[in-house]
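The values are calculated or read from the model by the stated rules, or taken from the named source; none is laboratory data. These figures come from a predicted structure and were not determined experimentally. Backbone-built Cβ (ideal geometry, glycine too); neighbour counts: all protein chains shown.
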Amino acid sequence: MKSILVLSALLNCVIISFSQFGSPQLVTSHAHSRAITTGDLDGDGDEDIVYTSYTSTFDKLVWHENISGVFSSQRLISSDCYTGHALEVVDLDQDGDLDIISDQHNVGGVINLVWYENNGDAAFVQHYVDGVEGLGDVVSSADAGDFDGDGDFDILISTSDWPYVKWLRNNGNAISWTMFNMSPTNAVSNARMEDVDGDGDIDILEIGSFSGGSIKWFENEGAGIFN
Ligand SMILES: [Ca+2]
Ligand SMILES: [Ca+2]
Ligand SMILES: [Ca+2]
Ligand SMILES: [Ca+2]
């Protein structure tokens, strides 16, 4: 009887959990996506949808405008991204609108880290993150935060070639960057900026990309010096 009561309670929990959400609402049926997030790209006070979409011919970076709760058709930001795993929306140049970090596969076959400057009305201009040109393989994740506590956004990326984790110090206005290599021993599929120890600065949390891979974190000892 006790087990029946426990099972009944669990089923009730499941039923209650499902009842918290409404029916799915279709945004588009034409997405083969790698990464998705939201942000108010056009600055009208509502959350728009941003994602990367893979096709057989090219990878796209696109967004859907939120119009009173109904999303517009797909709007192209770039048809020049590569694999589309790396995606972060943040006001990188701190001018009041949201910019986008992603990657780029250029004609020479190397991968660059790029950011798209928002002109304030969701029209974007692509910029290279200087010093990160010519990555040899996939950028598996991107994140942004202030590692060194100087008030501007720095960037953390993981890649599928060694050294797998790198962070980019913003030397001011997202114009000049300095790259620092971390030295994890195994390939990393995702690295995030999180205050793991709750001491007020942003640490690095990473997870491996293969079976048996590990989860590790690096403590920020201040000013972006990692232990
Ligand atoms: Ca919006
Ligand atoms: Ca901006
Ligand atoms: Ca900074
Ligand atoms: Ca910390």
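For every residue, the table says whether it meets (1) over 16 Å from the mean Cα position of the chain (by Cα); (2) in a loop (DSSP other than H, G, I, E, B); (3) within 16 Å of ligand 4 (Cβ to nearest atom).
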position	(1), (2), (3)
80	yes, no, no
85	no, yes, no
97	yes, yes, no
113	no, no, no
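Considering only strands (runs of 3 or more DSSP E) fully contained in region 165-227, which possess at least 1 residues that are surrounded by 14 or more Cβ atoms within 10 Å (Cβ to Cβ) and more than 16 Å from ligand 3 (Cβ to nearest atom)? Break it down stepwise before answering.
Working: elements: 165-170, 177-181, 188-194, 203-208, 215-218.
Answer list for region 165-227: 165-170, 188-194, 203-208, 215-218.
Looking at (1) closer than 19 Å to residue 88 by Cβ; (2) of a type outside the set (A, V, I, L, M); (3) in contact with a strand residue (DSSP E or B) (Cβ under 9 Å, 6 or more places away or on another chain); (4) modelled with pLDDT under 95, which is the only condition residue 154 fails?
It fails just one condition, (4).
(1) more than 14 Å from the chain's Cα centre (by Cα); (2) surrounded by fewer than 20 Cβ atoms within 10 Å (Cβ to Cβ); (3) not basic (Lys, Arg): which one isn't true of residue 33, the others all being true?
Residue 33 satisfies all of (1) more than 14 Å from the chain's Cα centre (by Cα); (2) surrounded by fewer than 20 Cβ atoms within 10 Å (Cβ to Cβ); (3) not basic (Lys, Arg) except (1).
Could you grab me the full set of residues in region 78-100 that are more than 16 Å from ligand 1 (Cβ to nearest atom), among the hydrophobic types (A, V, I, L, M, F, W, C) and over 13 Å from residue 145 (Cα atoms)?
Kept after step one, since they are more than 16 Å from ligand 1 (Cβ to nearest atom), are these residues of region 78-100: 78-88, 92-95.
With among the hydrophobic types (A, V, I, L, M, F, W, C) added as a condition, the list becomes 81, 86-87, 92.
Across region 78-100, the qualifying residues are 81, 86, 87.
Within the set of pairs 6 or more residues apart or between chains, which connect a residue that is farther than 17 Å from residue 41 by Cβ inside region 107-130 to a residue that is modelled with pLDDT under 90 and among the small types (Gly, Ala, Ser) with Cβ atoms less than 6 Å apart?
Sorted first by the residue in region 107-130, then by its partner, the pairs are 110/134.
Please work out which residue is farthest from residue 160 (Cα to Cα), limiting yourself to region 171-200 and to residues that are without any contact (Cβ under 8 Å) to a residue 40 or more places away in the chain and of a type in the set (S, T, N, Q).
At the first step, the residues of region 171-200 found to be without any contact (Cβ under 8 Å) to a residue 40 or more places away in the chain are 171-172, 181, 183-187, 194-200.
Keeping just the survivors that are of a type in the set (S, T, N, Q) gives 171, 181, 183, 185-186.
On the way: 171: 26, 181: 13, 183: 13, 185: 12, 186: 10 Å.
This residue is 171.
Say we look at region 36-60 and pick out the residues that are hydrophobic (A, V, I, L, M, F, W, C) and either more than 16 Å from ligand 2 (Cβ to nearest atom) or out of contact with any Gly (no Cβ under 7 Å at 6 or more places or on another chain) (or both); which of these is nearest to residue 124 (Cα to Cα)? Walk me through it before giving the result.
Kept after step one, since they are hydrophobic (A, V, I, L, M, F, W, C), are these residues of region 36-60: 36, 41, 49-50, 58.
Applying the additional criterion that residues be either more than 16 Å from ligand 2 (Cβ to nearest atom) or out of contact with any Gly (no Cβ under 7 Å at 6 or more places or on another chain) (or both) yields 36, 41, 49, 58.
Working: 36: 18, 41: 10, 49: 15, 58: 19 Å.
Restricting to residues being hydrophobic (A, V, I, L, M, F, W, C) and either more than 16 Å from ligand 2 (Cβ to nearest atom) or out of contact with any Gly (no Cβ under 7 Å at 6 or more places or on another chain) (or both), the top hit is 41.
Quick check: is even one residue across region 94-111 of a type in the set (S, T, N, Q), within 16 Å of ligand 2 (Cβ to nearest atom) and closer than 24 Å to residue 207 by Cα? I'd like the intermediate steps shown before the answer.
We begin by selecting, within region 94-111, every residue of a type in the set (S, T, N, Q); these are 94, 102, 104, 106.
Of the ones still in play, those that are also within 16 Å of ligand 2 (Cβ to nearest atom) are 94, 102.
Next cut, closer than 24 Å to residue 207 by Cα only: 102.
Scanning region 94-111 turns up at least one residue that is of a type in the set (S, T, N, Q), within 16 Å of ligand 2 (Cβ to nearest atom) and closer than 24 Å to residue 207 by Cα.
Can you confirm whether residue 203 is under 12 Å from residue 147 (Cα atoms) and without any contact (Cβ under 8 Å) to a residue 24 or more places away in the chain? If you could, list the steps in order and put the result at the bottom.
Numbers: under 12 Å from residue 147 (Cα atoms): yes; without any contact (Cβ under 8 Å) to a residue 24 or more places away in the chain: yes.
In short, yes.
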